[in-house]
Amino acid sequence: MFYENWMSYIKDDAKITKIAIPASHNAATMGMPKPARCQNGSLYKQYNCGVREFGIRLKTDRSGRLFIAHGITKGMPAEQAFENLGMIVSESDEFFIFDIRTYSTQKIGPLTLSYGSDPAAVSTLIKKYLNPEKYALTDFDDIGSLTVGDIRKSGKKYLIINAAEEYDFSRGVPLLEPWDSKVFGYKPEKFAKECVNYLRELETDGFFWFQTQQTPNPGTENGLKWPDDLDELDRPFFPGIIADIAADPAMLEKVNIVAGDFMTRDSMKVNEILNLNLLKGVVKDELREEFAAAIGKGRDIK
């Protein structure tokens, strides 16, 4: 039950942009072919494993139907993904974040690939499955000053992030998403040493999203490897990356959304991310030992 309600352990005065939130990169790619698949569990399963931020990318096919996208690969119908999100909304009392957008333009050598999706169709799915009038968080001025307690008092369950606010009930809050093809294409052991350094000079008044998985790009040190192959290489270095964040007070303060691939494979990534909340001091004092024990950090708690 811990992973279904871990946010209940967080103090009311903790700002939502300062707590450590496990996130799912290309969250709805379950069932896609190997080159495009970044997750093996459904959105609902990811939620039950502790994920509270879901990156969902969409595109419309030639017949006008809306699908989950990862580059040129078409995944499940968007309606199937939203139905799964609706299960989370109907069964959960925790707060979570949906980052929903059209898949970004890609450059592959001399080719530029652009994608489109119909905002009105997305809004229809939001209204059909997510009960946004009751549960979508929209009434705030500054996401950086919003506390977990504020959200609890509002009764809202989720925030839909979309930079252009092109969907009904979406908000274009600041979301820093640093990425560099060279850094994220390093060999895994080099990436583990350099990825945190890459983030040190960056600042935002909103959400700070940190991508822990590498990107399989031709021309980089890693070359063209599929997401699950890269994940296999990267996983041994994941605890060290989180430890580097924890060891730097400035980094510990600002990193809050930590995204990875294959978040349901086991609890390792979620546990390491959630441990940052103990180090940030945002876990309720009377529940610290229980929280630490649940993520396997009981011996380390002070």
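The values are calculated or read from the model by the stated rules, or taken from the named source; none is laboratory data. Since we're looking at a predicted model, the values are computed, not measured. Positions of Cβ are generated from backbone atoms using ideal geometry, with glycine treated the same way; all protein chains shown enter the neighbour counts. The protein model used for the area step is the full one, side chains on, heavy atoms only, and it has no ligands, DNA or RNA in it. Shrake-Rupley method; radii C 1.70, N 1.55, O 1.52, S 1.80 Å.
Just the residues that are within 27 Å of residue 40 (Cα to Cα) and acidic (Asp, Glu), please, taken from segment 236-272.
If the condition is that a residue be within 27 Å of residue 40 (Cα to Cα) and acidic (Asp, Glu), then 261, 266, 272 are the ones that fit.
In segment 42-58, how many residues are out of contact with any strand residue (DSSP E or B) (no Cβ under 9 Å at 6 or more places or on another chain) and in a loop (DSSP other than H, G, I, E, B)?
1
Answer yes if at least one residue in segment 243-256 is free of Cβ contacts under 8 Å to residues at least 40 places away in the same chain, at negative phi and open to solvent by less than 40 Å² (accessible area, probe 1.4 Å), and no otherwise.
Taking every residue of segment 243-256 in turn, at least one turns out to be free of Cβ contacts under 8 Å to residues at least 40 places away in the same chain, at negative phi and open to solvent by less than 40 Å² (accessible area, probe 1.4 Å).
Here is a yes/no grid of residues against (1) within 30 Å of residue 40 (Cβ to Cβ); (2) within 21 Å of the chain's Cα centre (by Cα):
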position	(1), (2)
97	yes, yes
110	no, no
114	yes, no
119	yes, no
137	yes, yes
143	no, yes
150	no, no
154	no, no
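So for segment 195-211 (the condition being on the phi > 0 side of the Ramachandran plot and of a type outside the set (S, T, N, Q)), does at least one residue qualify?
no
Anything in segment 217-236 that is under 23 Å from residue 265 (Cα atoms), surrounded by 18 or more Cβ atoms within 10 Å (Cβ to Cβ) and in contact with a helix residue (DSSP H, G or I) (Cβ under 9 Å, 6 or more places away or on another chain)? List them, or say none.
Residues satisfying the conditions are 222, 225, 230, 234, 235.
Checking residue 282 against (1) closer than 23 Å to residue 148 by Cα; (2) within 19 Å of the chain's Cα centre (by Cα), which single condition isn't satisfied?
Of (1) closer than 23 Å to residue 148 by Cα; (2) within 19 Å of the chain's Cα centre (by Cα), only one is false for residue 282: (2).
In segment 192-228, what residues are within 20 Å of the chain's Cα centre (by Cα) and part of a helix (DSSP H, G or I)?
Listed by number, the residues that qualify are 192, 195, 196, 198, 199, 227, 228.
Determine whether segment 33-41 contains at least one residue that is in a loop (DSSP other than H, G, I, E, B), within 21 Å of residue 115 (Cα to Cα) and either open to solvent by less than 10 Å² (accessible area, probe 1.4 Å) or free of Cβ contacts under 8 Å to residues at least 12 places away in the same chain (or both).
Yes, the conditions are met somewhere in segment 33-41.
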